[in-house]
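Student: I have a structure I would like to understand better, so I am pasting it below and will then ask my questions one at a time.
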Amino acid sequence: MTTARPRRPAFTRRRRRLYLLGAAAVVLGLAAMLILNAFEDNLVFFYSPTDLATRTDVPRDRLIRIGGLVEKGSVARQGAEVRFTVTDTANRLAVVYRGILPDLFREGQGVVAQGRLTAPGTFEAREVLAKHDETYMPREVADAIKRSGQWKESEGKAGAGTGATP
Amino acid sequence: MTAAVTEFFRMGGYGAYVWPAFAFAALVLGGMAWRVLARLRASEGALDRMRDRAEGGRP
Amino acid sequence: MVNILANPARFLRLAGAVLPWCWAAAAVTGGVGLWLAVFVSPADYQQGDSVRIMYIHVPAAWMALAAYTLVAVFSAVALVWKHPLAHIVAGAAVPLGAGFTAICLVTGMLWGKTSWGTWWVWDARLTSVLVLFFLYLGLIALRGAFDDAERGNRAAALLALVGFVNIPIIKFSVDWWATLHQPASVLRIGGPAIHPSMLWPLLTMAVAFMAYFAALLILSVRAEIAGRKLQALLVAAGRNEPAADGLQGEAR
């Protein structure tokens, strides 16, 4: 306020700061978008069976995560070993796992497993996590919808499609 | 009666997760209020004391 | 609108009038919301009673994002209009936002263990929320790191604005990338995917969290203004000069 410089009206200085800040925000937003775009593939938490079938950049020699729906009727237990099929409705992947499954692991529900591809179309899981969708409702309502035949497969569908590539 | 209460606290088997979640939230929310009120009391109290002293000191 | 911040006395009068309503709203909606969340709302068809963690986790997450947005807006106002009160409001919201983020993270870990089967995964949603928590901590540290309070304020305001890019990332992380965390249930295209019997308790708790935040924000701003007044008086007294800000007009 008491500078010797010829004073400009406070109004224009304020406006200049506003423009400066706006320009900085635009540049920053753009930079963030570019960075996120570049890192997109590393931000993929899991691959879908379709990714495994079509993409060539999926690492075959180290731990990866795969995700999709547990195919109905595919779960088979043999002692401590569980076998099931993960599907994204387009492609399927056979999974073998030894260990404790989470409470929400169910046929027709979403699942994310970490492990290794042992052969084309087979996956040996070290850890199995349940993925649930964004739908919440009381059990009676779910039963009523199922009874009325209005149940959409999308309502039990979590994790189908990776969302990585729209 | 006690069976109903026990069943309530069991939360269908998820009590060990549900109640700690509520307790942690209560702890943090309470801590936030405690911190703000303590600072408010300290600064406003000191201001009041200064005002009292200034008024008491006047001839 | 912005000029309310130019006059702390007017702001304090306005805030004083709003404060009781905030407390009342927080008490009523908090009480009713808790009762609905714990006793009335049904168990989920998939998750059973563990879904009750949602009534804490989701409002805390919303407030973590809302508080940061408020910090960014007031930081921008502070940098452009130079109203000292804008820095004070931004500074007051930061620890509160950090608290909500901590609640969101810890309740989320408990919920994740029951539903997913793990406490933590490094997916885009969980990681970006952890970044938000560190941003809050960074803002607290930065404000205290400068001897010159004004410079600390300005540095914190700049960091707050830079960090704002994280907010849309958090919100849309579940849509942009394959995450373990499910997509949004309430603010989504096509309307909420939560049954009304669970949505209403959730919204009631959200109002409670917001009112509680508003009440603590007002009190925190009041404490900071009183603290600065005290500081000014002590400096003036130390120089053996009369207080300059008119609080003690008759002392001169």
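The values are calculated or read from the model by the stated rules, or taken from the named source; none is laboratory data. None of these values were measured; they are calculated from a predicted model. Cβ placement follows ideal geometry from the backbone for every residue including glycine, while neighbour counts extend to all protein chains displayed. With ligands, DNA and RNA removed, areas are computed over all heavy atoms of the protein, side chains included. Shrake-Rupley method; radii C 1.70, N 1.55, O 1.52, S 1.80 Å.
Student: Do the conditions hold for A:THR56, that is, is it of a type in the set (Ser, Thr, Tyr), assigned to a loop (DSSP other than H, G, I, E, B) and farther than 30 Å from C:GLY163 by Cα?
Tutor: yes
Student: For the stretch C:129-152: of the residues being small (Gly, Ala, Ser) and open to solvent by less than 50 Å² (accessible area, probe 1.4 Å), which is modelled with the highest pLDDT?
Tutor: Out of the qualifying residues, it is C:GLY138.
Student: Can you give me the number of residues within the stretch C:137-183 that are facing chain A (nearest Cβ under 9 Å), farther than 21 Å from A:LEU18 by Cβ, of a type in the set (A, V, I, L, M, F, W, C) and assigned to a helix (DSSP H, G or I)?
Tutor: Within the stretch C:137-183, residues that are facing chain A (nearest Cβ under 9 Å), farther than 21 Å from A:LEU18 by Cβ, of a type in the set (A, V, I, L, M, F, W, C) and assigned to a helix (DSSP H, G or I) number 3.
Student: Please find, within the stretch C:205-243, the residue that is nearest to the other protein chains (Cβ to nearest Cβ) out of those that are open to solvent by 70 Å² or more (accessible area, probe 1.4 Å) and at pLDDT 95 or above.
Tutor: Among residues in the stretch C:205-243 that are open to solvent by 70 Å² or more (accessible area, probe 1.4 Å) and at pLDDT 95 or above, the one nearest to the other protein chains (Cβ to nearest Cβ) is C:MET210.
Student: Further, regarding this structure: Tally the residues that are more than 9 Å from chain C (Cβ to nearest Cβ) and part of a helix (DSSP H, G or I), restricting the search to the stretch B:46-59.
Tutor: Number of matching residues: 5.
Conditions tested, residue by residue: (1) surrounded by fewer than 21 Cβ atoms within 10 Å (Cβ to Cβ); (2) under 28 Å from C:LEU110 (Cα atoms); (3) under 18 Å from the mean Cα position of the chain (by Cα); (4) at pLDDT 90 or above.
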residue	(1), (2), (3), (4)
A:VAL95	no, yes, no, yes
A:ASP103	yes, yes, no, no
A:GLY110	no, yes, yes, yes
A:GLY115	yes, yes, yes, yes
A:THR122	yes, no, no, no
A:ARG126	yes, yes, no, yes
A:HIS132	no, yes, yes, no
A:GLU140	yes, yes, no, no
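Student: Only one of B:ALA21, B:ALA16 is within 30 Å of A:LEU104 (Cβ to Cβ), more than 8 Å from every other protein chain (Cβ to nearest Cβ) and either open to solvent by less than 70 Å² (accessible area, probe 1.4 Å) or at pLDDT below 95 (or both); which?
Tutor: Of the residues listed, the single one that is within 30 Å of A:LEU104 (Cβ to Cβ), more than 8 Å from every other protein chain (Cβ to nearest Cβ) and either open to solvent by less than 70 Å² (accessible area, probe 1.4 Å) or at pLDDT below 95 (or both) is B:ALA16.
Student: Right, something else. Could you run through the stretch C:184-204 and say how many residues are in a helix (DSSP H, G or I), open to solvent by 10 Å² or more (accessible area, probe 1.4 Å) and more than 9 Å from every other protein chain (Cβ to nearest Cβ)?
Tutor: 4
Student: Do any residues in the stretch A:66-88 that are over 24 Å from A:PHE45 (Cβ atoms) have Cβ atoms under 8 Å from those of residues that are surrounded by 23 or more Cβ atoms within 10 Å (Cβ to Cβ), where the two are at least six apart or on different chains, and which pairs are they?
Tutor: A:ALA76/A:PHE84
Student: Assess whether B:ALA54 counts as being of a type in the set (A, V, I, L, M, F, W, C) and open to solvent by less than 30 Å² (accessible area, probe 1.4 Å).
Tutor: Details: of a type in the set (A, V, I, L, M, F, W, C): yes; open to solvent by less than 30 Å² (accessible area, probe 1.4 Å): no.
Answer is no for this residue.
Student: Under the condition of being of a type outside the set (S, T, N, Q), more than 15 Å from C:LEU199 (Cβ to Cβ) and in a helix (DSSP H, G or I), which residue from the stretch C:42-56 is modelled with the lowest pLDDT?
Tutor: Ranking the candidates gives C:ASP49 first.
Student: When you look at C:ARG13, is it buried (at least 21 other Cβ atoms within 10 Å of the Cβ) and either farther than 30 Å from A:PHE105 by Cβ or more than 21 Å from the chain's Cα centre (by Cα) (or both), yes or no?
Tutor: Taking the combined requirement at face value, the residue does not satisfy it.
Student: Could you please let me know if C:GLY108 is over 23 Å from A:ALA25 (Cα atoms), of a type outside the set (A, V, I, L, M, F, W, C), part of a helix (DSSP H, G or I) and open to solvent by 50 Å² or more (accessible area, probe 1.4 Å)?
Tutor: no
Student: Same structure again: Going through the stretch C:42-77 one residue at a time, which ones are within 13 Å of chain A (Cβ to nearest Cβ) and open to solvent by less than 10 Å² (accessible area, probe 1.4 Å)?
Tutor: C:ASP44, C:GLN47, C:SER50, C:VAL51, C:ILE53, C:MET54, C:TYR55, C:ALA72, C:SER75
Student: Suppose we filter C:VAL80, C:VAL94 for residues that are open to solvent by less than 10 Å² (accessible area, probe 1.4 Å), β-branched (Val, Ile, Thr), modelled with pLDDT under 95 and out of contact with any strand residue (DSSP E or B) (no Cβ under 9 Å at 6 or more places or on another chain); which single one remains?
Tutor: So the residue among C:VAL80, C:VAL94 that is open to solvent by less than 10 Å² (accessible area, probe 1.4 Å), β-branched (Val, Ile, Thr), modelled with pLDDT under 95 and out of contact with any strand residue (DSSP E or B) (no Cβ under 9 Å at 6 or more places or on another chain) is C:VAL80.
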